[in-house]
Amino acid sequence: MLAGEVMTSPAITLRRDDSVRRAIRVLYDHDITAAPVLGEHGELVGMVSEIDLLCAAFGPGGPAPRTVADVMSRQVSTVEDTTDARVLTDLMIARRIKSVPVLRDERVVGMVSRRDLMALLARSDEELRDAVLAALRERYPSETSWEVTVRDGEIDLHGPGGQGPEHVADLLARTVPGVRPARLS
């Protein structure tokens, strides 16, 4: 599973000269926790999050920041749309970030949030079974004798002779998030 398959697209973005008030409304209205900030030519120049905006609104003394440029983070972790979801998840865990901009040719094409990744894992057993069968049909188009059951996210897979269980388990682990091979025979 790749970031481009998991991302929400198009990404909700802001400009560095947008007001803090506008940024608050955008994040709130779209029910998102962060948004990429784009420069004059559409390039990624930063990221603004709820905590950045809350600090701007409720920060101590002095003049309140007025624009997104005043509060955004300039160091942004990004991934390409071809980045594996496991690599993306490792990045989010290691850096303790909630969302990551997805780039293609240095342009923001989407966002992946922890919520997007959780949605993959929250699928029903029936949805997971359908996804496993689709992955098997794609990989083995002429083979129709797969028996697949899924219970609590664990698959029980019986396939045709000659298909190495380890190879099939690897295929499923890479392409169907949310399932754990239980028994392959």
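The values are calculated or read from the model by the stated rules, or taken from the named source; none is laboratory data. As the structure is a prediction and not an experimental result, all values here were calculated from the model. With ideal geometry, Cβ positions are generated from the backbone for all residues, glycine too; neighbour counts draw on all protein chains shown. Remember, those area values only see protein heavy atoms, side chains included, never the ligands or the DNA or RNA. Shrake-Rupley method; radii C 1.70, N 1.55, O 1.52, S 1.80 Å.
Summary table below
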item: Average accessible surface area per residue within the stretch 45-110, 1.4 Å rolling probe, Å²; result: 62 Å²
item: Net lengthening on full extension, residue 114/residue 9 (0.36 nm per residue, minus Cα-Cα); result: 36.3 nm
item: Estimated inter-spin distance, residue 122 and residue 151, nm [label 7 Å along Cα→Cβ]; result: 2.6 nm
item: Net lengthening on full extension, residue 80/residue 51 (0.36 nm per residue, minus Cα-Cα); result: 7.9 nm
item: Spin-label proximity, residue 33 to the stretch 46-90 - amide N less than 17 Å from point 7 Å beyond Cα toward beta carbon; result: 47-55, 73, 76-79, 88-90
item: Solvent-accessible area, 1.4 Å probe, carbon plus sulfur percent, for the chain; result: 50 percent
